[in-house]
Structures are given as C-alpha cells and as structure tokens.
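The values are calculated or read from the model by the stated rules, or taken from the named source; none is laboratory data. Every value quoted in this text rests on a predicted model; they were computed, and no experiment measured them. Reconstructed Cβ throughout: ideal geometry from the backbone, glycine too, with neighbour counts over all protein chains shown.
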Amino acid sequence: MRTVDDIVRLIRETSTSLPDDVERALRSAVRREAKGSSAAIVLKTVLDNVKLARNCGLPLCQDTGTLTFFVSSSLRSKVTPERIRKAVAIATEKGLLRKNTIDSVSGKSYDDNCADGAPLVHYVEGGRSVTLVMKGGGSENMSRQYSLPDSAVGAGRDMEGVRKCLLDAVVNAQGYGCAPGVLGVCIGGDRATGFEVAKEQLLRNLGDVAEDAELRKMEKRVLREANSLGIGPMGLGGKTTILGVKIASRPRVPASFFVTVAYMCWALRRRTMEFA
Amino acid sequence: MIELKYPFDENSVRALRAGDAVSITGRIYTGRDKFHKYVADGGKIPVDFRDGALYHCGPVVVGGSGGYKAVAAGPTTSVRENPYEPAFIEQSGVRLIIGKGGMNDATLAAMKRYGCVYVQAVGGAAALGAAAVKKVAGVSMLDEFGAAEAVWHFDVERFTGVVAMDSHGRNLFAEVEEESKKRLAAL
C-alpha cells in the first residue's frame, strides 16, 4: 500500500504544483510585457492560479491530461502497472484528476481513468525514480509532424527547413495550445520515434541546452524568433509566446525526413519522485 | 474592469469592445463538444440561455447529487464548436460565450447580428476558475454526457476574462494571427 500512497502523492504534486523552472520563466515573462497589457494580465492570472492551486492542493488545470509514467526498470517489481492504476483511481476519486479517459469506439467514460493503455507506463533504464508527465489535450492538438520537403511551409531538407517548420508550428498553434508554451522537437527518426523523442524533450529543465552546438544554436534562434511574432500569452498579443525550445535528433533513412514538434502548454506538469 | 451581472442585457453586451477586461457575476452554464453536437442534432436545450452565458468548460467536480463542488474549472478550446455556434447563438439568445482561443468568422458574424461577445478566460487557470464558482446550483445531461461534458449550472462571482471578439466585428485573435504571419514572412 505504501507504494500506492507514494504514487498518489506524486500525482497530487504533479497536478497541483507547477515546476519551479516553469514558474520562474513565467515570472520573468511578466516583467517583459507592458504594464496593463492583455499579455501582462494573462500572465498575472496564470501566476495567481499557480499559487492558489499549490496552496489549496487543487489541480492547476482542469485538463489533467494524458498521464505518462516513466519508471526506472529497477523499480519494476515495486512500481507495477497495477499499483499505478490503483493510485490513479484513488487520485481521480479525490478530484486530483478529471474523469478524462474516453473509450474511442463507444464514447463511454472510464470513470477511474484506467483502461487498457491508460495511464501510459514506460519502464526506462537507470536510476530509482518515477517521473510523471501530465499533458493536456489542447496542447496535444497543436503538436505536429512535418515531412520534408514541405512546399506549403517552404521547408527543404536542411536545418533551414527545420527552422521553418518550427516557426510554422508556433504560428499554427497561436494561443490555442495555451501559450506561452514549450516546444519539444525531434529531427529525424521514424514517425513514432519522432513523437516519442519530441515528448521526451519536455522533461528537460527549461535552463537546459542541447549538447550539440548546431542544435543549441537552433534552440536559441527559434526561441528568439518565435517570441518576435507577437502572438503572446493565450494568443492575445505580446512578447511571450514560447518559454523554451528543446531539440534532439535521431538518425533517419534516406527516404524520410521528419520534423516532429510536441507542443506543451504553460501548465507543463512534470515531476520526479526518487525511491530509496 | 467592467462588471457584468446576470442577466446580461443586449445593450450592455453591445457596449463591450474587444480588449475590455470584464468581471462576470451570476449564473453561467457550461457546454462543450457533446452539448453542441446534441443541440445541432435537434436535442432540446436543457436550460434557458436567453441573456445568459455559455462557458466552454469541462470542469473537475466532486461530490454527488447531495451537493457538488467545482475544484477545477478553466476554459477548453472553443474552436471545436465553430460548426455549431452561429446556430446556437441564434437559437438560444446567449449573450456571452466564454472559452479560450477564439472562434471563426461565421461565429463573429452571428455575434454581430444577435448581440453576443466572446470572453477569453485564461486557459489552464482552473483553480482560479473554480474559486470564482461560489455554488454549483445544478447539472443537466450528466448521465448522457458524463461529468467532463455535462451542462453544469455555476453561480460565479467576479469570474474574470478579456473580451476578445465583440459585436462590432472585431476579433483580437484574428488580428494577432494576421500580424504574426506578416512577421513570419519577414523573418
């Protein structure tokens, strides 16, 4: 039962408390926006909401999203899919999670958020920890995958083409994905790997930069350019459209060149719990 | 900040301009994807929206028929309701549509014609949204639509937002989008 309690605690903290790095980024964004502007009002509301949610133990966004657990394989016998489901059902009962899981064929709700394939559990190499990411549907709907060359975007098969795709994704998302958001990006891979790796980039701290010099340069440039587009918080205009760009690459076959963008809203709920 | 109190009469709604910050007090009803499709398919609108407010929201609500409490109630993306909203505005007499992300030209035209505005609530700000809900006065279509899509009857106090589409044909989102495309072309 202790493991189940630990997982419920992880869900509670993830759902109700925004990570420090994201909150800090939002705070510095308020200072950049003009006083009294829609952008400043929206960002202040977001920060008030973050504080209230944390103080009162309430979900900071009602779309508690797709739940993805990354569990160290060394914990495989302790943090089992059954225990995770049990914890998810308890957290749903407590109102920490919305009844948010729908059967895609019948349209019926799985009221405890547990079904075949929900929540998602991945066992990963290294450490003794469990990481939970909660990603809302509004932002997921803004995620995109490009296949280069893409004539609609004017993107060829090179890094300049990649840059055009990333800015296109930002313009396409406008405020719909609850800007200011974060871009997790994968260059290359097959279609499935592209989304997997792009999403994994959202686990990186906002202060983290890519090891590869070329990718690092691209992260910085796209962040700067995206924030010059004037889309702003919730798409009402302003200087803060994106809080971070995190890029990785994977090898590809000669015939395919995918650029995959996982768009994440400001409510970037991710948290890691270490197990002794 | 402009104070709006239910019932929202046509004159005060038509006086609102895109960019105005508003604070809403009184009855509002939630309705999202299943609700809109149901009405479009000829279903009876379960509550009276005349001079009222429709909130695109799928809240987290706890409790049972003895008493409900909203614990998270931020807006959901409105664009999915574009196909249904012009007819709904005409049919229901609704004055405020609250959501996030804005809606299309057909909806803007219906707002102009029938006297309705779109209020942008802050996406994701669910705890603040829930704090403004002073009472869950009831619920309709709970069994049919499920808790996240039911029509909840919220009595709110000082629920805040920004008028993003007004009844004079202005749509802030469209303006921002157009400008961002121009800037992108120049990069």
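One residue stands out among those in region A:169-191 that are of a type in the set (V, I, T) and more than 19 Å from A:R24 (Cα to Cα): the one that is nearest to the other protein chains (Cβ to nearest Cβ), which is A:V171. Restricting region A:139-166 to residues that are charged (D, E, K, R) and surrounded by fewer than 17 Cβ atoms within 10 Å (Cβ to Cβ), the residue that is farthest from A:E225 (Cα to Cα) is A:R157. In summary, A:V105 fulfils each of the numbered conditions (1) touching a residue at least 12 places away in the same chain (Cβ under 8 Å); (2) surrounded by fewer than 16 Cβ atoms within 10 Å (Cβ to Cβ) with the single exception of condition (1).
Considering region B:1-86, the qualifying strands (runs of 3 or more DSSP E), each wholly inside and each with 3 or more residues that are within 12 Å of the chain's Cα centre (by Cα) and of a type in the set (V, I, T), run over B:21-30.
Restricting attention to region B:42-58, does a residue exist that is facing another protein chain (nearest Cβ under 10 Å) and in contact with a Lys or Arg (Cβ under 8 Å, 6 or more places away or on another chain)? The answer is yes; a qualifying residue exists.
Selection within region B:1-13: residues that are among the hydrophobic types (A, V, I, L, M, F, W, C) and touching a residue at least 24 places away in the same chain (Cβ under 8 Å). The member of this set that is nearest to the other protein chains (Cβ to nearest Cβ) is B:M1. When B:G99 is tested against the conditions (1) in contact with a Pro (Cβ under 9 Å, 6 or more places away or on another chain); (2) crowded, with 19+ Cβ neighbours inside 10 Å; (3) in a helix (DSSP H, G or I), the lone failure is (3). All conditions in (1) out of contact with any helix residue (DSSP H, G or I) (no Cβ under 9 Å at 6 or more places or on another chain); (2) within 13 Å of another protein chain (Cβ to nearest Cβ); (3) crowded, with 16+ Cβ neighbours inside 10 Å; (4) aliphatic (A, V, I, L, M) hold for B:L16, with the sole exception of (2). A single entry from B:T160, B:T107 fulfils the requirement of being within 25 Å of A:G232 (Cα to Cα) and within 9 Å of chain A (Cβ to nearest Cβ): B:T160. Pairs are defined by a Cβ separation below 7 Å, a sequence spacing of at least 6 or placement on different chains, a first member in region B:121-133 that is facing chain A (nearest Cβ under 7 Å), and a second member that is assigned to a helix (DSSP H, G or I) and surrounded by fewer than 24 Cβ atoms within 10 Å (Cβ to Cβ); the pairs so defined are B:V122/A:T45; B:A125/A:T45; B:A127/A:L52; B:A127/A:C56; B:L128/A:T45; B:L128/A:D48; B:L128/A:L52; B:A131/A:L52.
When A:S74 is tested against (1) within 15 Å of A:L268 (Cα to Cα); (2) out of contact with any Ser or Thr (no Cβ under 8 Å at 6 or more places or on another chain), exactly one condition is not met: (1).
Taking first residues from region B:159-173 that are crowded, with 23+ Cβ neighbours inside 10 Å and partners that are modelled with pLDDT of 95 or more and of a type in the set (D, E, K, R), the Cβ contacts under 6 Å between residues at least 6 apart in sequence or on separate chains come to B:D166/B:R17; B:S167/B:R14; B:S167/B:K112. All but one of (1) at pLDDT below 95; (2) over 14 Å from B:D155 (Cα atoms) hold for B:V13; state the number of the condition that does not hold. Failed condition: (1). Just to be sure before I move on: is B:G146 of a type outside the set (S, T, N, Q), surrounded by fewer than 24 Cβ atoms within 10 Å (Cβ to Cβ), in contact with a strand residue (DSSP E or B) (Cβ under 9 Å, 6 or more places away or on another chain) and within 11 Å of chain A (Cβ to nearest Cβ) in the structure I sent? Judged against the criteria, B:G146 is a match. Summed over region A:24-46, residues that are surrounded by fewer than 18 Cβ atoms within 10 Å (Cβ to Cβ) and outside any loop (DSSP other than H, G, I, E, B) total 6. Within region A:201-251, if we keep just the residues that are among the acidic types (D, E) and not in a helix (DSSP H, G or I), the residue that is farthest from the other protein chains (Cβ to nearest Cβ) turns out to be A:E211.
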